[in-house]
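Enquirer: Take this structure, written in structure tokens, and hold onto it; I'll ask about it next.
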Amino acid sequence: MTPTGILAGLLLFLAVYCAVDPFKHSPLADFPDFEAFPIELPPQSLIPEVKDEKNLLQKSEIKFLNQIQGPESMAFDPQGRGPYTGVADGRIVFWDGHKWNDFAYTSNNRSEICNPQPSPSFYLKNEHICGRPLGLRFHKETGDLYIADAYFGLMKVGPEGGVATSLTTEAEGVPLRFTNDLDIDDEGNIYFTDSSTNYQRRNFMQLIFSAEATGRLLKYNPTTKETSVLVRNLQFPNGVTLSKDGSFFLFCEGSKGRISKYWLKGEKAGTSEVFAILPGFPDNVRTNKDGDFWVAIHCRQTLYTRVLAGLPGIRTFLLKFPVPTKIHYLLHIGGWPHAVVAKLSPEGKLLQILEDSQGKVVKAASEVEEKDGKLWIGSVLMPFVAVYNLAS
Ligand SMILES: *[C@@H]1O[C@H](CO)[C@@H](O)[C@H](O)[C@H]1NC(C)=O
């Protein structure tokens, strides 16, 4: 056989192997109906290029290493105690200043399958049974904790903790599939996101690659107990936060790399508009005491993500290879895990970027909560909380 013949034979074998995927290694093996859609990214000229040359996040302190896994939201109760955070095994835990305590659960069917595992990824297959609390917010007056559980929808638990009760699991008859984050206004209305109607949290990479627009921004009215859809057809909506004066709230658009603003008061009430274009794809957003916003950026936009945004067919093609989802994840985030966070003014101006571009200390950020001059940085992927002192 000639070398060309061998090469042709190998390529044919590879093509057939990928097409058949006999060992079901392709990230699409369990998604026969997978479909990818174009993403209209903001023009390159509008994407902020500013970098944190000093990699200031490397000065963060890594706290609670291996004591908590995959903490996303960092919440402090109305007395300032905490943080409280939701972890990979489905518990909401509370730091009392000395140790972590169990505070609440979103699942009423916990068993040994929810017991500690070696790393956050080990919990994925049982998340729908054990629960996966993501966004957390305390009601300032009642002290109740509101929870966006990725699998169980919008929930609430009293100041004493325990098993949370469900507030809603659907909107307009369509079940919540990936409840992600929330905030509460002065009247007790809850604004929250359902990131997708098709993909669950454990399949967030498939959702990123699909970019299907079934995400919704929702409102739960505590008086009527009704849930209404405020904005629909969103591509991976994620974090939600009210402005300091309550005149609007922000919601992150994960696939588009931008934040939008939804007006609650004034003549534009009930309408939304683009608030800020980000250097990358946002996860959660939180308001600080001055009314500025801290955004956790899942990863920066790169040439790779920009090219793939416009080529949904290529995205589907790449996912058909029997290559683990983790490799696609690393390609998507630019090669290696590294954290980027941004501070925005109340007008949407980019005030500061803090990052650890080498991923030496802080490898990922899902949420940034500012308290008493410190940033508490949680991540669904990491077994710790990073604390960055703003005075450093
Ligand atoms: C409760 O958990 C068990 C596994 O521990 C599972 O087999 C069962 O389906 C769960 N029940 C519900 C209603 O989720």
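Enquirer: Find the residue count for the stretch 76-126, including only residues that are under 22 Å from the mean Cα position of the chain (by Cα), within 16 Å of the ligand (Cβ to nearest atom) and either at positive phi or part of a helix (DSSP H, G or I) (or both).
Expert: 7
Enquirer: Can I ask one more? Inspect all residues belonging to the stretch 348-361 and state whether any of them is under 27 Å from L28 (Cα atoms) and either surrounded by fewer than 22 Cβ atoms within 10 Å (Cβ to Cβ) or assigned by TED's automatic domain parsing to the domain that holds A36 (or both).
Expert: No, the conditions are met nowhere in the stretch 348-361.
Enquirer: Further question: Report, by residue number, each residue of the stretch 90-121 that is surrounded by fewer than 20 Cβ atoms within 10 Å (Cβ to Cβ), in contact with an Asp or Glu (Cβ under 8 Å, 6 or more places away or on another chain) and not polar (S, T, N, Q).
Expert: P116
Enquirer: Can you confirm whether the stretch 380-392 contains a residue that is modelled with pLDDT under 95, more than 20 Å from the chain's Cα centre (by Cα) and crowded, with 21+ Cβ neighbours inside 10 Å?
Expert: no
Enquirer: List pairs: first residue in the stretch 168-194 and within 14 Å of G246 (Cα to Cα) and in contact (Cβ under 8 Å) with a residue 60 or more places away in the chain, second residue assigned to a loop (DSSP other than H, G, I, E, B) and not hydrophobic (A, V, I, L, M, F, W, C) anywhere in the structure, Cβ distance under 8 angstrom, at least six positions apart or on different chains.
Expert: What qualifies is D185/G246; D186/G246; Y191/D185.
Enquirer: Then there is this: I'd like the residue in the stretch 221-248 that is buried (at least 23 other Cβ atoms within 10 Å of the Cβ) and over 13 Å from the mean Cα position of the chain (by Cα) and, out of all such residues, is nearest to Q44 (Cα to Cα).
Expert: Here the answer is L234.
Enquirer: Additional query: Go through (1) within 16 Å of the ligand (Cβ to nearest atom); (2) touching a Phe, Trp or Tyr at 6+ places or on another chain (Cβ under 6 Å) and name the single condition L182 misses.
Expert: (1)
Enquirer: Hey, another quick one. Tally the residues that are in contact (Cβ under 8 Å) with a residue 60 or more places away in the chain and in contact with a Gly (Cβ under 9 Å, 6 or more places away or on another chain), restricting the search to the stretch 228-250.
Expert: Of the residues in that region, 5 qualify.
Enquirer: Let me ask you something else. Whether any residue in the stretch 193-210 is farther than 21 Å from K326 by Cα and in a strand (DSSP E or B) is what I want to check.
Expert: yes
Enquirer: To continue, here is another question. Run I62 past the list (1) over 25 Å from A164 (Cβ atoms); (2) in a loop (DSSP other than H, G, I, E, B); (3) under 26 Å from the mean Cα position of the chain (by Cα) and report the number of the one that doesn't hold.
Expert: (2)
Enquirer: Of all residues in the stretch 354-386, which are assigned to a loop (DSSP other than H, G, I, E, B), in contact (Cβ under 8 Å) with a residue 24 or more places away in the chain and of a type in the set (G, A, S)?
Expert: S357, A364, A365, S366, S379
Enquirer: Filter the stretch 53-89 down to residues that are in contact with a strand residue (DSSP E or B) (Cβ under 7 Å, 6 or more places away or on another chain) and acidic (D, E) and give me whichever is surrounded by the fewest Cβ atoms within 10 Å (Cβ to Cβ).
Expert: E61
Enquirer: Name the residue, out of H328, H338, that is assigned by TED's automatic domain parsing to the domain that holds R286, in a helix (DSSP H, G or I) and within 22 Å of the chain's Cα centre (by Cα).
Expert: Matching residue, one of H328, H338: H328.
Enquirer: Another one. Inspect all residues belonging to the stretch 135-150 and state whether any of them is within 16 Å of the ligand (Cβ to nearest atom), under 26 Å from P237 (Cβ atoms), in contact with a helix residue (DSSP H, G or I) (Cβ under 8 Å, 6 or more places away or on another chain) and touching a residue at least 40 places away in the same chain (Cβ under 8 Å).
Expert: Within the stretch 135-150, one or more residues are within 16 Å of the ligand (Cβ to nearest atom), under 26 Å from P237 (Cβ atoms), in contact with a helix residue (DSSP H, G or I) (Cβ under 8 Å, 6 or more places away or on another chain) and touching a residue at least 40 places away in the same chain (Cβ under 8 Å).
Enquirer: In addition: Note down all Cβ pairs under 6 Å where the first residue falls in the stretch 101-118 and is without any contact (Cβ under 8 Å) to a residue 12 or more places away in the chain, the second is surrounded by 15 or more Cβ atoms within 10 Å (Cβ to Cβ), and they're at least six residues apart or on different chains.
Expert: N101/F94
The values are calculated or read from the model by the stated rules, or taken from the named source; none is laboratory data. Bear in mind the structure is a predicted one, so any value in this text is a computation, not a measurement. All Cβ positions, glycine included, derive from the backbone under ideal geometry; neighbour counts span all protein chains shown.
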